[in-house]
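S.K.: Below is the structure I would like to discuss, written out as structure tokens.
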Amino acid sequence: MQKQFIITKKIAKHGSQAVLIIPKDLEQHLKPQTLVQVTINVVGEE
């Protein structure tokens, strides 16, 4: 069964890298070795 979650977040910065923080609420669905597909749509820029 495929599960879908839509997250709207600002990109964070970690050193010189941009990162996307995944909410802890999704931890039970995103265990190690889980295959996920990530699509990024830019909906606004500062």
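S.K.: From the P(r) of the chain, can you give the percent of Cα pairs sitting at distances over 11 Å?
M.R.: I get 76 percent for the Cα pairs in the chain exceeding 11 Å.
S.K.: Which order do Ile40, Ile7 take when ranked by solvent-accessible area (1.4 Å probe, heavy atoms of all protein chains), largest first?
M.R.: Ile40, Ile7
S.K.: Quick check: pseudo-label points 7 Å beyond the Cα along Cα→Cβ at Leu26 and Glu45, how many nm apart are they?
M.R.: Placing both labels 7 Å beyond Cα along the Cβ direction yields 2.4 nm.
S.K.: Eight or more residues apart or on different chains, and alpha-carbon atoms under 17 Å: count the Lys pairs in the chain matching that.
M.R.: 4
S.K.: Here's a follow-up. Ignoring ligands, DNA and RNA, what accessible area per residue does the chain give at 1.4 Å, in Å²?
M.R.: Per-residue accessible area for the chain comes out at 112 Å².
The values are calculated or read from the model by the stated rules, or taken from the named source; none is laboratory data. Note that the structure is predicted; figures quoted are calculated from it, not measured. Ideal geometry is used to build each Cβ from the backbone, glycine not excepted, and the neighbour counts take in all protein chains shown. Please note that ligands, DNA and RNA were not included when accessible areas were found on the heavy atoms of the full protein model with its side chains. Shrake-Rupley method; radii C 1.70, N 1.55, O 1.52, S 1.80 Å.
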